[in-house]
Amino acid sequence: MYRRPLQSAVRNVINVTASRAATGKVLDQEACLARALVACQLARVSSPCLTPCRTLHITTQLCNVKQTPQHSEEEVGAFTKLIEAMGFTGPLKYNKWKIKIAALRMYTCCVERINYDEFFDKCSLPDTLNSWFLVAQLHVWMCLVRMRQEGREGKYMCRYIVHSMWEDVEQRSKIMGIDAIHRKEGMKVMTETFYAAIFGYDEGILSDDSVLAAALWRNIFNCECEDPKQLELMVEYVRKQMQYIDALDGEDLLLTGEVKWRPLVEENAQSILKVATPTYNDTGL
């Protein structure tokens with residue numbers, strides 16, 4: 001359903017990367033980001049009156065998909081493989097309608113359980129539909145990363161999380177009075193931004209903090225962040241949030257879609273809060 005926007009986003013990312021690589025801007029910008037984060041870290045450590053900040057995660061070894069823990073794929077029959085190769089979805093462990101409802105609930109958690117005003121204030125973002133979308137897509141991406149670990153059911157759920165997001169974005173743009181032509185152009189730009197951001201965030205979560213900071217700087221801050229503390233705050237938020245979501249039970253997520261987010265700013269960000277076990281009835285509702 002989203003193959004064409006994905007292909008367009010991939011082509012744009014490749015073209016932009018190739019043009020920037022010729023001038024060396026990408027390397028210089030990411031190097032500046034890394035130096036800014038290190039400088040902020042050293043400044044806080046050297047000042048005894050300030051509260052200590054998180055340890056900067058730096059590594060020269062980049063992880064790839066084969067090096068990360070993978071969910072063991074269930075064995076499927078030849079018929080299932082055939083119909084899925086044709087673009088259809090084969091039989092799943094859980095009812096598809098239950099997974100669709102859970103996907104809608106999970107997206108709702110990305111919208112209703114986030115304090116967007118706090119993000120706008122802490123990151124100096126304008127209060128616009130685009131800024132809302134940039135923060136929302138970050139949380140949607142974190143949900144997609146978690147659910148992709150749940151095999152075929154998780155991948156099926158990811159499709160409807162993304163579907164719910166685009167439906168919501170279109171409805172919000174209609175409510176704001178954006179005409180059909182500008183709405184279509186805006187949706188195209190947002191689609192390209194979303195799939196390009198996924199590639200950057202995936203690389204950042206598998207790499208060190210400087211790579212993740214570069215992805216956040218390009219997508220959340222639109223390459224205009226001048227305060228390294230804001231970048232440090234967002235890197236810390238993504239790391240602790242991913243650590244927290246990974247501790248949630250996969251079966252509960254597939255049946256309920258309930259996600260509780262950790263706050264943007266908290267005193268002890270290194271700790272993992274005790275995960276509350278969700279409740280659901282025998283129909284998964």
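Which of K188/K240; K155/K229; K100/K174; K98/K188 have a Cα-Cα distance over 26 Å? Over 26 Å apart, Cα to Cα: K188/K240; K155/K229; K98/K188. Taking a ≥ b ≥ c as the square roots of the eigenvalues of the Cα gyration tensor, an a/c ratio of 1.5 or more together with a/b no larger than b/c marks the stretch 144-213 as oblate. The alpha carbon centroids of the stretch 120-148 and the stretch 223-258 are separated by 11 Å. How charged is the neighbourhood of P126? Take every other residue with its Cβ under 13 Å from the Cβ of P126, and add Lys/Arg as +1 and Asp/Glu as -1. Net local charge, P126 excluded: -4.
The residue among V169, I181, I205 whose Cα reaches farthest toward the positive pole of the charge dipole of the stretch 164-229, with charges on the beta-carbon of Lys, Arg, Asp and Glu, is I181. The packing ranking, built from the mean of other Cβ atoms within 10 Å per residue, places the peptides 236-244, 206-214 in the order 206-214, 236-244, highest first.
Highest mean packing comes first when the peptides 222-232, 255-265 are listed by Cβ atoms within 10 Å, giving 255-265, 222-232.
Heavy-atom accessible surface of the stretch 104-235, averaged per residue, reaches 43 Å², computed with a 1.4 Å probe. Once you sort the root eigenvalues of the Cα gyration tensor of the stretch 151-270 as a ≥ b ≥ c, which label holds: rounded (a/c under 1.5), prolate (a/b larger than b/c) or oblate (the other case)? Oblate.
The values are calculated or read from the model by the stated rules, or taken from the named source; none is laboratory data. What you are looking at is a predicted structure, and each value in this text was computed from that prediction instead of being measured. We place every Cβ from the backbone using ideal geometry, glycine too, and count neighbours over all the protein chains shown. Accessible surface is based on the protein model in full, side chains and every heavy atom, while ligands, DNA and RNA are left aside. Shrake-Rupley method; radii C 1.70, N 1.55, O 1.52, S 1.80 Å.
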